[in-house]
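Visitor: Provided herewith is a single structure, encoded as structure tokens, for subsequent inquiry.
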Amino acid sequence: MADSGRKRQCGAFATSVACKRRAHGRDWTSLPSDITNVIAERLLAEDVVDYMSLRSVCAPWRASTASPRDPTLRDVRFRPRGWVALCDGDGVRPADACQVNFFHTSTSRRLRVRLPELHDHRIVGFTDGLLILLNKSTTAVRVLHPFTRVFLDLPPLAPVFHLLVKDIWSRAWMEAAVCWSCTSIAVVAWFPNVPVVVHAEPTRPRWCVIYRGLQLWTALPFQGRLFGIRKDTRQIIQLYPHLPYPVVACIPNSFGRPNMCDYYLVDFGGRMLLAVQHRIIDQCLEGWQPFAFAFFLVNVHQRELVPVDSLGDRAIFLNKDRCLCVSAKDLPSISGNSVYFSLHTTDPVAVHSLSKRTCERTSTFSLIHNFKERIRPSVRPFTLADHLLSYCHHVQWSKGFMFHEYFSYLHLGRRW
């Protein structure tokens, strides 16, 4: 009897605790709006996806926080910053599959997002996680937020193609970036073999020419503006908004002839970094050294370059299509204070360690394609470095190819 009494008491106590827990859980919906906003703002500072998850919990939380569906796409807080698009390596274009596999470079979170809006479009660029699309039928440009599905349409590029860009390759592999405008956003576009830069806004009926006779080596959307490098003159210039004197800085001429160097601009944790890849190699270094590197922080306001000796815990991935900077603390499989870059050889990927002052190949040649079709499966699993460098090579990425598997064939095909 005593045991059954204790059981009844324990059962009653457990029921009481469970009720209190349920009541306590229900009380979260009545959290004061100012506290909800503080929590939401902290989440939003890290990732808009977490912010959207918080708003989806209940109606009171959603009512007390701002909607991430910014119709202008101008508010940087609501952009999917930190998210990059991974390649599946299956030879299927992401635009044809109407889905993109996103990866957050700080949290390692991965989301496969289905995007019917990609149908009959090509992905021609990314800025802060926003997708820039080109309609294959009408040549109209669209900027799409992949998580909120908000989009803005811009005028067709057909008049620009007909009058200025007659080269088919340049049309196929045009590049574009999102910048700020007075009321919304602007899209700036440039082309591989045509020295012209154009821009458009959602509220304007046509594209306008910003520069003629200007051939870009690479460009970087940075803090709402667009900067680029003229390889022939070694000048870093502000492309958009247009300035009377657009030259920000001149790259030192101490690295040899410009045609023997490659120059890159990187968003280095909110600062602009210039990376110079050159062939003036310290003869005291041992081992395989195909290139040397020099780094400078670009002070846009003072119009000067500040030399940098170390990248700290960060690693940068370089290519003229786009560059990427990540923290090795967030991604342990990536080497910190290192540069990942490509080579025009059968082993096309290498990493240069600034700490060890060494270079090593990270991929080996594997014949899986005969220039017409795939003849055997890829060598999997792919490393995270493979994925991040493929993201930086837009030609291969947009075709659904991993860069290190297909770059060699393109190079060998040209040589053969």
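Visitor: Tally time: how many residues in region 197-221 are aromatic (Phe, Trp, Tyr) and farther than 25 Å from Tyr264 by Cα? Talk me through it step by step, then tell me what you get.
Guide: First, pick out the residues of region 197-221 that are aromatic (Phe, Trp, Tyr): 207, 211, 217.
Those left that are additionally farther than 25 Å from Tyr264 by Cα: 207.
Qualifying residue count for the region: 1.
Visitor: Additional query: Which members of region 292-308 meet the condition of being closer than 17 Å to Ser355 by Cβ and touching a residue at least 24 places away in the same chain (Cβ under 8 Å)?
Guide: Matches in region 292-308: Phe293, Ala294, Val308.
Visitor: If you don't mind, another one. Could you tell me whether any residue of region 96-103 is more than 30 Å from Leu43 (Cα to Cα) and not hydroxyl-bearing (Ser, Thr, Tyr)?
Guide: If we filter region 96-103 for residues that are more than 30 Å from Leu43 (Cα to Cα), which is where we start, we get 96-97.
Going one step further and asking which of them are not hydroxyl-bearing (Ser, Thr, Tyr), we end up with 96-97.
Taking every residue of region 96-103 in turn, at least one turns out to be more than 30 Å from Leu43 (Cα to Cα) and not hydroxyl-bearing (Ser, Thr, Tyr).
Visitor: Which members of region 276-303 meet the condition of being crowded, with 18+ Cβ neighbours inside 10 Å and among the small types (Gly, Ala, Ser)?
Guide: Within region 276-303, Ala294 is the sole residue that qualifies.
Visitor: Here's another thing I want to ask about it. How many residues, within region 151-180, are touching a residue at least 40 places away in the same chain (Cβ under 8 Å) and farther than 24 Å from Leu220 by Cβ?
Guide: Of the residues in region 151-180, 3 are touching a residue at least 40 places away in the same chain (Cβ under 8 Å) and farther than 24 Å from Leu220 by Cβ.
Visitor: Assess whether Val306 counts as being of a type in the set (A, V, I, L, M), at pLDDT 95 or above and loosely packed, with under 15 Cβ neighbours inside 10 Å.
Guide: When the stated conditions are applied, Val306 passes them.
Visitor: Somewhere in region 276-290, is a residue part of a strand (DSSP E or B), in contact with a helix residue (DSSP H, G or I) (Cβ under 8 Å, 6 or more places away or on another chain), farther than 20 Å from Phe227 by Cα and not β-branched (Val, Ile, Thr)? First the steps, then the outcome.
Guide: If we filter region 276-290 for residues that are part of a strand (DSSP E or B), which is where we start, we get 276-278.
Filter once more, keeping what is in contact with a helix residue (DSSP H, G or I) (Cβ under 8 Å, 6 or more places away or on another chain): 278.
Subsequent filtering for residues that are farther than 20 Å from Phe227 by Cα retains 278.
Those still in the list that are not β-branched (Val, Ile, Thr) too: 278.
Yes, the conditions are met somewhere in region 276-290.
Visitor: Assess whether Ile334 counts as being without any contact (Cβ under 8 Å) to a residue 60 or more places away in the chain, in contact with a helix residue (DSSP H, G or I) (Cβ under 8 Å, 6 or more places away or on another chain) and part of a loop (DSSP other than H, G, I, E, B).
Guide: Criteria met by Ile334.
Visitor: Does region 153-166 include one or more residues that are of a type in the set (D, E, K, R) and at pLDDT below 95? First the steps, then the outcome.
Guide: Looking only at region 153-166, we keep the residues that are of a type in the set (D, E, K, R), and these are 153, 166.
Among the residues that remain, those that are also at pLDDT below 95 are: 166.
Yes, that holds for at least one residue.
Visitor: Moving to a separate point now. Considering every residue within region 310-325, establish whether at least one is modelled with pLDDT of 95 or more and either over 25 Å from the mean Cα position of the chain (by Cα) or surrounded by fewer than 12 Cβ atoms within 10 Å (Cβ to Cβ) (or both).
Guide: Scanning region 310-325, I find at least one residue that is modelled with pLDDT of 95 or more and either over 25 Å from the mean Cα position of the chain (by Cα) or surrounded by fewer than 12 Cβ atoms within 10 Å (Cβ to Cβ) (or both), so the answer is yes.
Visitor: Here is a follow-up. Among the candidates Ala172, Ala177, Ala189, which residue alone is in contact with a Gly (Cβ under 7 Å, 6 or more places away or on another chain) and hydrophobic (A, V, I, L, M, F, W, C)? Full working, then the answer.
Guide: Details: Ala172 fails: in contact with a Gly (Cβ under 7 Å, 6 or more places away or on another chain); Ala189 fails: in contact with a Gly (Cβ under 7 Å, 6 or more places away or on another chain).
Among Ala172, Ala177, Ala189, only Ala177 is in contact with a Gly (Cβ under 7 Å, 6 or more places away or on another chain) and hydrophobic (A, V, I, L, M, F, W, C).
Visitor: So, one more: So which residues in region 85-116 are in contact with a strand residue (DSSP E or B) (Cβ under 6 Å, 6 or more places away or on another chain), touching a residue at least 24 places away in the same chain (Cβ under 8 Å) and loosely packed, with under 15 Cβ neighbours inside 10 Å, if there are any at all?
Guide: Hits for region 85-116 are Arg110, Leu111.
Visitor: Just the residues that are over 17 Å from Arg149 (Cβ atoms) and either in a strand (DSSP E or B) or hydrophobic (A, V, I, L, M, F, W, C) (or both), please, taken from region 102-115.
Guide: Across region 102-115, the qualifying residues are Phe103, His104, Arg110.
Visitor: Given Thr183, Thr138, which one is of a type in the set (S, T, N, Q), in contact (Cβ under 8 Å) with a residue 24 or more places away in the chain and either outside any helix (DSSP H, G or I) or buried (at least 20 other Cβ atoms within 10 Å of the Cβ) (or both)?
Guide: Among Thr183, Thr138, only Thr183 is of a type in the set (S, T, N, Q), in contact (Cβ under 8 Å) with a residue 24 or more places away in the chain and either outside any helix (DSSP H, G or I) or buried (at least 20 other Cβ atoms within 10 Å of the Cβ) (or both).
The values are calculated or read from the model by the stated rules, or taken from the named source; none is laboratory data. Computed from a predicted structure; not experimentally measured. Neighbour counts are summed over all protein chains in view; Cβ atoms, including those assigned to glycine, are modelled from backbone coordinates with ideal geometry.
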